[in-house]
Amino acid sequence: MARLNVNPTRMVLTSLKKRLKVAVKGHKMLKDKRDELMKQFLELARENKRLREQVEAQIGSIYSNFVIASAVMSSEILNEALMYPKQGVSIEVGRKNVMSVDVPVFDFTTTTDDTSNIYPYGFANTSAELDNAIENLSGIFPEMLRLAAVEKEVQLLAAEIEKTRRRVNALEYVMIPQFQETIKYIQMKLDENERGNQTRLMKVKDLMVKAAIEEKQEKTQAALDEYSSK
Amino acid sequence: MYKIGVIGDKQSILGFKAVGLDVFDCVTKDDARHTLREIAKEDYAIIYITENIYAEIKDTVYEYNEKRLPAIIPIPGMHGTQGIGIQNIKKAVEKAVGADILFNND
C-alpha cells in the first residue's frame with residue numbers, strides 16, 4: 001500500500017495519528033450501520049417478494065375476469081360503464097427514517113366511504129364478471145399500495161447499503177492501511193534521525209575527550225620536563 | 001395530497017380507472033416515456049406501469065430509482081406476468097448484498 005506523500009515531521013505525525021483514530025472510529029460506526037441496514041433490508045426484501053407474488057397472482061385473476069367481461073359486453077358499453085369513476089383515491093405521503101434513509105410511507109383515503117357501492121355504473125347493461133373484477137381490484141388495492149411502499153423502500157435501502165459498503169471498504173482497505181503505513185514511515189524516519197543525532201553527539205564527545213586527554217598529557221609532559229630540568 | 005397514476009395499454013388499465021386511479025393509456029414507448037416524465041413532475045406518489053411497457057422504458061424508470069418520490073412499480077399486464085417485478089427485487093438484493101441470497105432455491 002502506497003504511503004501518503006507527506007513530510008516526515010512530528011507535527012504531521014500527530015495529525016495523522018488523529019486522522020487514523022477518526023478513520024477507525026468512522027469505520028466501526030459505518031460497519032454497524034451497514035449491518036443494521038442489511039438486517040432490515042433482508043426482511044423487507046422477503047416481504048416484498050411475498051407481496052409481489054400475492055399481488056401478481058390476484059391481478060392475474062382480475063384480468064381474466066376482465067377478459068370475460070369484455071367478451072360478454074360490447075366495448076362501447078364497457079368503456080361507458082367505466083368512463084366516470086365514482087371512487088377517487090388520494091394518498092398522503094409520510095416519511096420514515098430508517099438508519100438515516102428517508103423512506104416514504106403511503107396512507108390512502110378513498111372519497112367514497114361506502115365500500116359496497118363502488119361501481120360507477122348501473123347493473124342493467126354490465127356483466128357480473130365486471131363487478132367481480134372491480135370488487136377484487138379494490139380489494140387488493142391496499143396490498144398494491146403496500147407493495148409500492150415496500151418496493152420503494154427496498155430500492156432506497158439497496159442504494160444506501162451499496163454506498164455504505166463502498167465507504168466501509170474504502171476505509172478498511174485504503175484509508176486505514178495508508179495511514180498506518182505513513183505513520184510507521186514517519187516514526188521510522190524520526191527514529192533514524194534520532195539515532196543519527198546520537199551518533200553524531202557521541203562522535204563529538206569522543207573528539208572532545210580525546211582533545212582533553214591530549215591537553216592533559218601535554219601539561220603532564222611539560223610539568224615533567226620542568227621538574228627534570230631543575 | 002398525492003395521486004396515483006397507472007400507465008399501460010388500454011385493455012390492462014381499464015379496471016384501475018374504476019377504482020379511482022388516474023390512468024394514462026400509452027401505445028408507443030415514446031408516448032409512455034413522455035407520459036411518465038410528465039406525471040413524475042406532478043403530484044404522483046405512486047406510478048404503476050404494466051410490465052410490457054416497463055420493460056421498454058426501463059432506462060427512464062431507473063432515473064427515478066433513487067429519488068424518494070415517485071415510486072414506480074411494475075404490475076403485470078393483460079398478458080400475464082413476465083417476472084419483471086421479482087427480477088427487480090433480485091437485482092436490489094444483488095446490489096446490496098453482492099450476491100443473490102434470497103432466491104437461491106428458485
Open item on the list: Contact list please: Cβ distance under 8 Å, first residue in segment A:1-25 and among the small types (Gly, Ala, Ser), second residue surrounded by 14 or more Cβ atoms within 10 Å (Cβ to Cβ), pairs at least six apart or on different chains.
Closed with: A:Ala2/A:Gln178; A:Ala2/A:Glu181; A:Ala23/A:Leu171; A:Ala23/A:Met175; A:Ala23/A:Ile176; A:Ala23/A:Phe179
Task: Condition met for A:Gln40 (within 12 Å of A:Val154 (Cβ to Cβ) and more than 10 Å from chain B (Cβ to nearest Cβ)) - done: yes
TODO: State which residue is farthest from A:Gln40 (Cα to Cα) when the search covers only segment A:158-168 and only residues that are more than 7 Å from every other protein chain (Cβ to nearest Cβ) and not basic (Lys, Arg).
DONE: A:Val168
Task: Within segment A:89-109, considering residues that are facing chain B (nearest Cβ under 10 Å) and in contact (Cβ under 8 Å) with a residue 24 or more places away in the chain, the one farthest from A:Ile161 (Cα to Cα) - done: A:Val89
TODO: Within segment B:1-11, track down each residue that is at pLDDT below 80 and facing another protein chain (nearest Cβ under 7 Å).
DONE: B:Met1
Open item on the list: Condition check: under 24 Å from A:Gly139 (Cα atoms), in contact (Cβ under 8 Å) with a residue 24 or more places away in the chain and in contact with a strand residue (DSSP E or B) (Cβ under 7 Å, 6 or more places away or on another chain). Does B:Ile73 satisfy that?
Closed with: yes
- [ ] Go through segment B:54-106 residue by residue and tally those that are in a helix (DSSP H, G or I), within 7 Å of chain A (Cβ to nearest Cβ) and within 11 Å of the chain's Cα centre (by Cα).
- [x] 1
Open item on the list: So B:Ala40 passes all but one of these: (1) surrounded by 15 or more Cβ atoms within 10 Å (Cβ to Cβ); (2) within 9 Å of another protein chain (Cβ to nearest Cβ); (3) among the small types (Gly, Ala, Ser); (4) more than 30 Å from A:Ala71 (Cβ to Cβ). Which condition number does it fail?
Closed with: (2)
Open item on the list: So B:Ala40 ticks every box in (1) within 13 Å of the chain's Cα centre (by Cα); (2) of a type in the set (A, V, I, L, M); (3) assigned to a loop (DSSP other than H, G, I, E, B) but one. Which box is left unticked?
Closed with: (3)
- [ ] For residues that are in a helix (DSSP H, G or I) and crowded, with 19+ Cβ neighbours inside 10 Å, scanning just segment B:18-37, find the one that is nearest to the other protein chains (Cβ to nearest Cβ).
- [x] B:Ala18
TODO: State which residue is farthest from the other protein chains (Cβ to nearest Cβ) when the search covers only segment A:55-75 and only residues that are loosely packed, with under 14 Cβ neighbours inside 10 Å and among the hydrophobic types (A, V, I, L, M, F, W, C).
DONE: A:Ala71
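The values are calculated or read from the model by the stated rules, or taken from the named source; none is laboratory data. Because the structure is a prediction, the values reported are computed rather than measured. With ideal geometry, Cβ positions are generated from the backbone for all residues, glycine too; neighbour counts draw on all protein chains shown.
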